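The values are calculated or read from the model by the stated rules, or taken from the named source; none is laboratory data. Source: prediction; values computed, not measured. Note that each Cβ is placed from the backbone with ideal geometry, even for glycine, and that neighbours are counted across all protein chains shown.
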Amino acid sequence: MKQGKRAGDFVTDGAIPKTEGLDSGSGSSRNRTGNHFSAIRKTMVRDYYSFLERYFGRLLNSDISPNFITVAALLVSVVAAYAFSTGRFLTGGCLLFVAGICDTLDGAIARKKGRSSLYGALLDSTLDRYSEFSIFLVLLIFFRNDWIFFFIMFALLGSMMVSYIKARAQSLGQNRTVGLMQRPERLAVLFFGAVLNPLSPFLPAGSPDFILKSSLVLLAVLTNATAIRRLLEGKKDLESM
């Protein structure tokens with residue numbers, strides 16, 4: 001296991017990781033769709049890490065500790081959460097993007113410098129949960145008197161369960177990852193919802209925070225759908241062992 005990412009997210013390949021397939025096995029339509037998405041995701045991940053190599057090469061080759069970057073990602077997430085708590089969603093979204101960059105830099109540095117460790121992976125996974133929880137918590141508080149409150153609650157629950165079911169299934173012997181809403185996808189949905197939210201008043205609906213709220217509804221639905229699918233696929237895999 002490498003520094004910075006949970007087992008099953010990526011397989012190390014020098015400084016640029018390779019993604020694991022999201023689905024494997026039968027030639028059913030569902031598996032073909034899953035394999036097609038896996039190929040797209042793999043290409044996007046490799047392009048992203050090539051971007052890191054190009055623009056953050058000096059940092060990747062420095063002696064900075066990967067664990068320091070991991071902690072920095074958490075701190076930036078907390079600042080992003082503060083921005084969300086004051087209604088500055090555009091600022092919060094931009095900070096969330098920076099936190100996401102940090103969250104991948106730690107693993108890239110560890111692989112590049114040969115400093116991968118089991119504790120680093122554990123620390124990264126743990127702080128990821130704190131980061132995600134802090135964002136959803138302040139959104140719950142900010143929208144406590146709004147109908148979106150319940151969708152935020154389900155988005156938080158779904159996000160936690162997606163990660164938990166994956167980790168628990170892998171500890172029991174499952175060796176594949178299924179489902180759409182892994183952490184990078186969840187960050188992307190929330191990021192775009194936040195940075196595009198200032199456009200909400202110009203939409204036909206004209207509802208304040210319409211775009212951010214739409215992204216939160218999408219997260220609530222897709223994270224829980226992913227969690228349920230992982231549970232069902234885990235049952236199939238574990239019973240066949």
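Taking the listed residues K213, K236, the one that is of a type outside the set (S, T, N, Q) and touching a helix residue (DSSP H, G or I) at 6+ places or on another chain (Cβ under 8 Å) is K213, with no other qualifying.
Of all residues in region 134-152, which are surrounded by fewer than 15 Cβ atoms within 10 Å (Cβ to Cβ) and in a helix (DSSP H, G or I)? Correct list: I141, F150. When G87 is tested against the conditions (1) assigned to a helix (DSSP H, G or I); (2) of a type outside the set (S, T, Y); (3) within 30 Å of P208 (Cα to Cα), the lone failure is (1). Residue check: is A121 assigned to a helix (DSSP H, G or I), surrounded by 14 or more Cβ atoms within 10 Å (Cβ to Cβ), among the aliphatic types (A, V, I, L, M) and touching a helix residue (DSSP H, G or I) at 6+ places or on another chain (Cβ under 6 Å)? Considered against the rule, which asks whether it is assigned to a helix (DSSP H, G or I), surrounded by 14 or more Cβ atoms within 10 Å (Cβ to Cβ), among the aliphatic types (A, V, I, L, M) and touching a helix residue (DSSP H, G or I) at 6+ places or on another chain (Cβ under 6 Å), A121 comes out as no.
Each row is one residue, and each column tells you yes or no for (1) more than 25 Å from L180 (Cα to Cα); (2) at pLDDT below 80; (3) surrounded by 20 or more Cβ atoms within 10 Å (Cβ to Cβ).
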site	(1), (2), (3)
R6	no, yes, yes
Y55	yes, yes, no
A81	no, no, yes
T86	yes, no, no
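Look at (1) touching a residue at least 40 places away in the same chain (Cβ under 8 Å); (2) under 15 Å from the mean Cα position of the chain (by Cα) and you find that F136 fails only one, number (1).
Whenever a residue of region 205-228 is over 10 Å from V162 (Cα atoms), its partners that are of a type in the set (S, T, Y) and surrounded by fewer than 21 Cβ atoms within 10 Å (Cβ to Cβ), lying with C-beta atoms within less than 7 angstrom and at least six residues away or across chains, give the pairs S207/S200; P208/S200; D209/S200; F210/S200; I211/S200.
For region 180-203, the candidate set comprises residues that are modelled with pLDDT under 95 and not in a helix (DSSP H, G or I); within that set, the residue that is nearest to S163 (Cα to Cα) is Q182.
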